[in-house]
Amino acid sequence: MPKQKLPQQRSWYVLHTYSGYEESVAKNLKQRIESLGMEDKIFNVIVPKEKKIKIKDGKRKTVEEKIYPGYVLVEMIVTDDSWYVVRNTPNVTGFIGAGTIPIPVSKKEIDNLMERMEEKEPQYKI
């Protein structure tokens, strides 16, 4: 449990998860937020993905690929309660940051990531 002074503003944080469990962590966390009534502290849970075009056996296929495998983004206000709810979600190994206090991601980085996720034309990957 964090003992230092917690930031009281709404920010994006990065959660580290077991690789391959990003979707289930996001789903479990959304259910926990609802069942524990944390909608006023935890606002958004996102698995960052982008569309890519893969060509295999001469066939063109558009796929969604995780931008950062093993990570989930959470928009929240960090309090002891919200920290505990997120940290104790199954398959979450912790927040990104030194010690127990999570470090927020800069607005610029989040804007760049959101832009990348919303690109209409997928990238080529052969």
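The values are calculated or read from the model by the stated rules, or taken from the named source; none is laboratory data. Predicted, not measured: the structure shown is a model, and the values here were computed from it. Here the Cβ positions follow ideal geometry from the backbone for every residue, glycine too, while neighbour counts run over all protein chains shown.
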Among (1) of a type outside the set (S, T, Y); (2) in a strand (DSSP E or B); (3) free of Cβ contacts under 8 Å to residues at least 60 places away in the same chain - the single one K54 does not satisfy = (3)
Within region 25-56, considering residues that are modelled with pLDDT under 90 and hydrophobic (A, V, I, L, M, F, W, C), the one farthest from the chain's Cα centre (by Cα) = I55
Can you spot a residue in region 110-119 that is in contact with a Phe, Trp or Tyr (Cβ under 8 Å, 6 or more places away or on another chain) and under 25 Å from Q8 (Cβ atoms)?
-> yes
Region 5-51, residues that are closer than 15 Å to V86 by Cβ, assigned to a strand (DSSP E or B) and touching a Pro at 6+ places or on another chain (Cβ under 7 Å) | S11, W12, Y13
Single residue of region 104-126 satisfying the filter (assigned to a loop (DSSP other than H, G, I, E, B) and surrounded by 15 or more Cβ atoms within 10 Å (Cβ to Cβ)) that is modelled with the highest pLDDT = P104
Tell me, yes or no, whether region 9-24 has at least one residue that is in contact with a Lys or Arg (Cβ under 7 Å, 6 or more places away or on another chain) and either under 19 Å from I110 (Cα atoms) or at pLDDT 95 or above (or both).
-> yes
Region 60-94: number of residues that are assigned to a strand (DSSP E or B) and of a type in the set (D, E) | 3
Can you confirm whether region 90-97 contains a residue that is in contact with a Lys or Arg (Cβ under 9 Å, 6 or more places away or on another chain), on the phi > 0 side of the Ramachandran plot, surrounded by fewer than 16 Cβ atoms within 10 Å (Cβ to Cβ) and in contact (Cβ under 8 Å) with a residue 60 or more places away in the chain?
-> yes
